[in-house]
1. Quick check on region 438-451. Is at least one of its residues closer than 18 Å to G310 by Cβ and at pLDDT below 85?
2. Could you please find all residues in region 1-50 being without any contact (Cβ under 8 Å) to a residue 40 or more places away in the chain and touching an Asp or Glu at 6+ places or on another chain (Cβ under 6 Å)?
3. Can you pull out the residues in region 18-34 that are among the hydrophobic types (A, V, I, L, M, F, W, C) and either open to solvent by less than 20 Å² (accessible area, probe 1.4 Å) or in contact with a helix residue (DSSP H, G or I) (Cβ under 7 Å, 6 or more places away or on another chain) (or both)?
4. Which ones in region 510-532 are more than 12 Å from I576 (Cα to Cα) and either of a type in the set (G, A, S) or not in a strand (DSSP E or B) (or both)?
5. Any residue at all in region 122-136 that is within 26 Å of A3 (Cα to Cα) and not in a helix (DSSP H, G or I)?
6. In the list K139, K149, which residue meets the criterion of being modelled with pLDDT under 85, in a helix (DSSP H, G or I) and of a type outside the set (G, A, S)?
7. Report yes if some residue within region 274-283 is open to solvent by less than 50 Å² (accessible area, probe 1.4 Å) and either touching a strand residue (DSSP E or B) at 6+ places or on another chain (Cβ under 7 Å) or over 24 Å from K439 (Cα atoms) (or both); otherwise report no.
8. Can you work out which of the residues in region 29-71 that are of a type in the set (G, A, S) and modelled with pLDDT under 90 is farthest from I88 (Cα to Cα)?
Amino acid sequence: LQAYERRFPTCPLIPMFVASDTVNEYKSEDEAIHVIERRCKLDIDAPRLLKKIAGVDYVYFVQKNSLNRRERTLHIEAYNETFSNRVIINEHCCYTVHPDNEDMTCFEQSASLDIKSFFGFESTVEKIAMKQYTSNIKKGKEIIEYYLKQLEEEGITFVPRWTPPVACKLESSTSHTRRPVSPAINIPDLSTKEGLNNKEILNTSGSPSEPTAGTPDDKLDADYIKRYLGDLTPMQESCLIRLRQWLQETHKGKIPKDEHILRFLRARDFNIDKAREILCQSLTWRKQHQVDYILDTWNPPQVLQDYYAGGWHHHDKDGRPLYVLRLGQMDTKGLVRALGEEALLRYVLSINEEGLRRCEENTKVFGRPISSWTCLVDLEGLNMRHLWRPGVKALLRIIEVVEANYPETLGRLLILRAPRVFPVLWTLVSPFIDDNTRKKFLIYAGNDYQGPGGLLDYIDKEIIPDFLGGECMCEVPEGGLVPKSLYRTAEELENEDIKLWTETIYQSASVFKGAPHEVLVQIVDASSVITWDFDVCKGDIVFNIFHSKRAPQPPKKDSLGAHSITSPGGNNVQLIDKVWQLGRDYSMVESPLICKEGESVQGSHVTRWPGFYILQWKFHSMPACATTNLPRVDDVLASLQVSSHKCKVMYYTEVIGSEDFRGSMTSLESSHSGFSQLSAATTSSSQSHSSSMISR
């Protein structure tokens, strides 16, 4: 113990251990019990990009040491304080006297790692955690020996045992047949619960009790609702809980925050089935186009920064972030000719992602739920040039994408100085705008916005932009005509548009009845790990993994010819030859996994042999009723939903060396995920089968 205590407040032998502060300390009167709680600051060895996305340079852990000198035991508990709603780490160490030799010390250690969500970097975080944990275990003995040697150099080679004060001795002499028992210190014995799943460990770990936005309680906490969600009726609260629980079952541990789920529920008047459908489609869309990382990985072209007349400007009277768009001063035709439709769309998506961030920040600042923003659109200067057909087409496309993926984010739209040409534009775009959204539009012609019921009712006088007669300098670009020298040819724009939306690690594939899609993975070193992550975008499929010592023939390039079907949204490749026989030419290494439409599946397989592994997505035919040759009504209805017997999957596969996964368990589990930065903490459990796992 004397050697161990010298690690604090910091230890030069542990470079990542930057500092520590004592948070709480307790000593019993007889000094037999000493409990000390510290807050430790760690500099984790993590990629710079991950730290930037997470927004932290250091992480904090809470460590609690409970020394019982009477029973000669030391219990050490540690758990993470940083990102406790996304990642749960619990560690328990115990020093005890050997039962047969009092001069020897026994040491036991157990730990649990439960990654709920981490901006899509779950596997990276796990590798870092396992690496750090393994390194600390290896170095633990070296550190304790270093400080023991330091004590010896100072002449300290013996520390007398604790003895009770005289009063305690007299008191104990009357009850010498009983062994003294120390007061309860609330130390969970995790080491004896190896069979517990993550949920059970979480409930016994004594982790921080602050409310998180993903706890599947029967009823949400009233203070939490008031602080982060606003007023909800019992019916609305029930809908939120039911939809969240469904997401937890199909998108294990990676689901949007309650605020975002509520947006989709409100957009469909709390119809759970309709809200679930559009939410799942949005999660798949975000994942495919990596929208979660757009603010950190995409830099807008200089043309947009110079000529796109829009930007964020303080907030309105309700605390909503305020976005100002000087549409009348913007050369929409020039921007489309210089950049193309897709670049404009991506820029608008980045604006919406920034809006989500600002809503979260304002919720914290104002102490009340803020889930939408206000948009102020100035139409002075709007003319027939803005009605250029490709420009209107781009605008309609942007409205369509935003309506589908950012519902209920627009709190109010103030349209100022609408000219005579505005009704023409409104007639073109209004059919594409949701009825609930249209109700939030306030339109002012000329200078009407300066009168009663105008701008001052919604925005404080101090922040009205200068170009609207206010006193606040607005840093939104003034727009202007885009120089024709920056225009690009239609071919250049088409190639650029394709490039923008193909910058994704995911691939799409079509699956037909009788024509599965197959991916070949060649393994050189046994015990490698094949990982996969796929979404079932349409239809139901069966996922299989096969192994063969023979190399399949080159993939058929005209696999779809027999079906007379083209698939612009995805390819179809078949590798297993029709003459191959299962059990002779190839073998199945995983049990088939049936995946329903809308599900997202992650998993891994530890390879036993080198050779060729084939990942297969196969059309799932609905089975007929067992007691009759006639299909069931439910089967007929389900089959009607899959047109032309066609399914679609979006997938990503990767092979990782076994050394990167050694000692890891949770990475070898399959689960359903949404892979969204809009994630919040959820509780999930998993069951281990063998070295390879597929779980629902």
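The values are calculated or read from the model by the stated rules, or taken from the named source; none is laboratory data. Just so you know, these numbers come straight off a predicted model, no measurement behind them. Please note: Cβ atoms are built from the backbone with ideal geometry, for glycine as well, and neighbour counts cover all protein chains shown. Surface areas here come from the heavy atoms of the whole protein model, side chains and all, with no ligands, DNA or RNA. Shrake-Rupley method; radii C 1.70, N 1.55, O 1.52, S 1.80 Å.
1. Within region 438-451, none of the residues are closer than 18 Å to G310 by Cβ and at pLDDT below 85.
2. V23, N24, I36
3. A32, I33
4. S510, K513, G514, V524, D525, A526, S527, S528
5. No, that holds for no residue.
6. K139
7. Checked against the condition, which is being open to solvent by less than 50 Å² (accessible area, probe 1.4 Å) and either touching a strand residue (DSSP E or B) at 6+ places or on another chain (Cβ under 7 Å) or over 24 Å from K439 (Cα atoms) (or both), region 274-283 yields at least one hit.
8. Only one residue tops the list, namely A32.
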